[in-house]
Structures are given as C-alpha cells and as structure tokens.
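See structure below.
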Amino acid sequence: MFLFALFAVYNSAALAFTARTPKWRGTSNAWPVRRLKASQKDAIKILSDDFSASLFKEYWGQKPVLVRKAFSLQQDSWPAWELIEEIAGYDNSEARLIGHVPNDLSSFDLEIGPFRDLSCLKERGSMKWTLVVNDVDRFQPDLADWIDCTFDFIPRWRRDDAQVSLAQKDGGIGPHVDNYDVFLIQTSGKREWCIGCDKISVEDEFDNLVQEIPVRILKNWENILSCSLILEPGDVLYLPPRIPHCGTALTDKCITLSVGCRAPSASELTQRVASELSSRATVAATLRFKDDDLLQESDATTPAELTLKEKEKMKDLILNAVQEFLHDDAQYDKMVGQLVTEPKRSRDEYPVPLDELDSEMITELGVWGIPKKAIEEVCGGSGSFYRAEGVSATFSKVSEIEKTKHRLFMNGEMFELESIGEEDPAVHELFSSIVSSTPAVSCNVLQPICHDQRVYGLIEMLLQNGLLYGSESD
C-alpha cells in the first residue's frame, strides 16, 4: 500500500515521509565468564519452538529463558545494517556509539548522534564500537507492524521501542542491568551473552558501577552465578528486569533487535501524584497545618523544637490529601493513563500535526491530508487508519452516575467520549482497535459508527494531531 507517514519529523535529513510498503574475558575489573558445570547451565531454560506467548508464562518477570529458532530467517521486516546506519544519521533519531577496549571496563566511552560518519564500525583498531539506535520502529512501519503482531500478548502501554544494535566482532556495550523486561532477538551474526541468574537491586547496582565513565557498567560480579549462551539468527533471549547481562559480538555484521517493555516506578507515580495535588483546589489538597492548641500546651519546655506531635499532624495532611486523590476514580484514571503512555524519550515535533505541514506536502498527501475526506474514504472502503509508529496507547472507562466516560490515551494525551449507561460496545471496539489492531481503524470498524458525531469528531482530532494517519489498503 502507499503511504506518506504524517508522523515523521519535517526535515530533509529525516524520513519525513516513509513508504509503508514502506566475550567478556576477566581482569579484576571485568565481567566474569565461568566454565560452568551442566547443573549450572540448567539455571537458564533453553527451549526450541516457534515464538509464542505460551513459551514465557512460566518465566515472565522471574527467570531468563532462551528460545532457539524462535523465528525463521525470512523476516523482511527486520531492519538491515545499512538502514540502521541511515537512521542513525537523522537529526530526529536517538543514536549512540559505545566503544571500549576488550578486557578493560574502564575504557568505555560514549558518543551521542546523529552520526553522518560511521567508519569507526569498520575500523580494526583496539577500540571496539557498537552503534545503538532507539525507536527504530518509528522509522520503519513494517517493523512496527511486526512487533504489534508478534508481541500482542503484551499490552501496548507496556511495550517500549524497538532498539537495534550493530557491532563488528568483539563489540558490545558491557555488563549492565535493565529495569524492564526485554526480548533480545538475534537477526544477523552471532552474539555471546553472559548472564547473571539472580536479580540485583538498584542499590547493589550503584554500589558496583565502574566509576568515571559515561555509561553504567557493572564490575566485580564474580560472586553472581553466571552462564554463557551463544545466540544465532532467529534465537530469542528473554530477560526479566534487574538481571545483569553482557553481550559481545562473536562475528562481524552482528545485529541484535531488542524489544523492551516499560513500567512506571513507585517514584514516578508518587511524583505525578504530587504534581496533581499541587494543582487541585480541594479541601484536603489545600488544607494547611494548624496548631489551635499552641498556647494551651503547658508542658512545652522548648518552644523552638519541632515536636513529634507536629510532625504527625503534617503526616496526616499528606495522607489525607493523597487518599482523597486516589479515591477520585476519574482523576486517578486520567493521571495513570497519561503517565503510562507518555513518550520515554524526547521526540521533537513527533507526531507531526497536519497543520504544521506545508501546502506542498498536504497536496501530496491528497485525501489523507484532509481529515474529513480521509474519514469518508475509509468509511467508503478505501484505505485504513494506522497509529503513528512508536506511539504508546491504552484505553479505559470510568463509571459515574448514569453515564460512563470512555477514555483513549495516546502519547500522553487523553481523549474522552461519554455514553449513557455502563456499556457502549461500539466505542469499546473502536478504542480497542485503535490501541491493538493493525490497521488501527479499518472500514469494518469505522463504518457502523461513523455517523456518530462523537466518533467522527474524535477520529478527525486524532488525524489532525498526527496520532493516526491514513493509507491506501494493500
């Protein structure tokens, strides 16, 4: 099908409009690689099967698992080396070069893109470089579609981006730990992964980082049980959060596709609650500390002292305000929905609203550049609407007296439709399709409800904001 992607950043270097048919060997400071006994290797389960959600039920969030030959090698949607190098040169991409001298953890260095010259990847000097590019799915629609289809057992708001790393032999980004679940898919070449079989805390991580280097590299983990696995094209390694790991390219043209997850921390949720409370005008949120009994205290011997009683009063103020907010279902739902769909990385001018495109581009887009005509086109059976690639989304509903608020969250924004009563199957199907399906909205979904002005207005707004875009069908 033919498409001019409305989501891309408008500059000549970027994919402004994309066709949709568009070994770590030890020093005292190094990650330990052990010659393990068979019983130790059993610490990581090795399966051999086609990729499916059922393979990970027993291990999700708890233990690593390796799946051999999970994917065939005929995956046209997997990005090629040359495409990743090209994306790394775009002004609106997020690309990093991480280099090190093998066997020297203190040698790690970091450079931030964009990169017009990546000749360092071909050099045969002592410094070994790895190119890491995030948000690759944003630039490659067919990869975004493949991830949506392959990882549909993970809610869209829990999935992060597609990260791709390129390395020649001996390249790698060092021993480290991630906060999220991740699937490491070997798409080209071979990579050795050394893995700790026990999770480590954030405190332990920070206590054991190599100092005075620009990346977070672990040191001195000789006491962690580890094992070594070699991945070949089509293999997938799943790692739950906080499992230390280190990957090293065993061959040239080594490509690893990482599909990561996201999850809000207690700190992030608490910060957002505090931000919400600061803008609320409710009694509990604006109530101040009071000491009506100040002059009645006969046993006060040190008036300047901050007493336990006073601190407990302030604690009650905090707890009451927080409880009031958490019990406000509509406001709490809005806060969480916006938080979990916000972009995790800076994306200047993405997605691009239609009104920020010049007249030449609007003309080139044809009916897809005019929301009303685009809706008519899809309702008439020509084309479909797609989510802007890389945008996180979810939906929810909040019940109130005699009505229900149906909410769609995309890219940190909330869109709301109200209905009388508890259920509105048509709106539920629409929101579910926008969040989970590819295409997001087809004629079959839109046609039965396009006469509803609420729905029409919502789709028009999503198109105008660049969160949805239209394309002709295959």
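What does the accessible area per residue of the chain come to in Å², with a 1.4 Å probe and no ligands, DNA or RNA counted? Normalised by residue count, the accessible surface of the chain is 48 Å². For segment 148-256, the relative contact order comes to 50 percent (Cα pairs under 8 Å, sequence separation of at least 6). Shape index of the chain: Rg/Rh, with Rg the Cα radius of gyration and Rh the Kirkwood radius from the inverse mean 1/r over Cα pairs, equals 1.03.
Computed from the alpha carbon atoms alone, the convex hull of segment 379-453 holds 89 Å³ per residue. Classify segment 36-143 as rounded, prolate or oblate, taking a ≥ b ≥ c as the square roots of the eigenvalues of its Cα gyration tensor: rounded when a/c is under 1.5, otherwise prolate if a/b is larger than b/c and oblate if not. Oblate shape, in that a/c is at least 1.5 and b/c is the bigger or equal ratio.
Note on segment 383-462: with charges restricted to the Cβ of Lys and Arg (+1) and Asp and Glu (-1), its dipole about the Cα centre is near 180 debye.
In segment 342-474, the inverse of the mean reciprocal separation of distinct Cα atoms equals 15.3 Å; this is its Kirkwood hydrodynamic radius.
Computed over neighbours whose Cβ is under 11 Å from that of Ala285, the net charge equals -1, Lys and Arg +1, Asp and Glu -1. Viscosity 1.306 mPa s, temperature 10 °C: what is the translational diffusion coefficient of segment 132-202 from Stokes-Einstein with a Kirkwood Rh over Cα pairs, rounded to a whole number of µm²/s? D, rounded to a whole number, is 111 µm²/s. Taking the protein heavy atoms of the chain in the context of the full set of protein chains, the accessible area attributed to carbon and sulfur is 50 percent at 1.4 Å. The charge dipole of the chain, taken about the Cα centre with unit charges on the Cβ atoms of Lys, Arg (+1) and Asp, Glu (-1), comes to about 1980 debye, rounded to the nearest 20.
Taking Cβ atoms as reference points and 12 Å as the exclusive limit, the residues near Leu231 contribute a net charge of +1, counting Lys and Arg as +1 and Asp and Glu as -1. Among the listed pairs Lys219/Lys344; Lys122/Lys169; Lys128/Lys169; Lys169/Lys190; Lys199/Lys344; Lys128/Lys190, which are separated by more than 19 Å between their Cα atoms? Exceeds cut-off: Lys219/Lys344; Lys199/Lys344. Of the chymotrypsin sites (Phe, Trp or Tyr not before Pro) found in segment 55-97, none is in coil by DSSP with at most 13 other Cβ atoms within 10 Å of its Cβ.
Calculated [222 nm] ellipticity per residue, helices only, for the chain: -7500 deg cm²/dmol; basis is -39500 (n - 2.57) per DSSP H run with n ≥ 4, divided by all residues, nearest 500. The residue among Cys450, Ser399, Ala70 whose Cα reaches farthest toward the positive pole of the charge dipole of the chain, with charges on the beta-carbon of Lys, Arg, Asp and Glu, is Ala70. Evaluated over the Cα positions of segment 242-392, the convex hull gives a direction-averaged projected area, one quarter of its surface, of 19.7 nm². DSSP assigns beta bridges within segment 336-474; of those with both partners inside it, close to 100 percent run antiparallel. Between the C-alpha center of segment 234-277 and that of segment 329-385 there is a gap of 27 Å.
The values are calculated or read from the model by the stated rules, or taken from the named source; none is laboratory data. Remember, predicted model here, so these are calculated numbers, not experimental data. Cβ atoms come from the backbone with ideal geometry, glycine included; neighbour counts cover every protein chain shown. Surface areas here come from the heavy atoms of the whole protein model, side chains and all, with no ligands, DNA or RNA. Shrake-Rupley method; radii C 1.70, N 1.55, O 1.52, S 1.80 Å.
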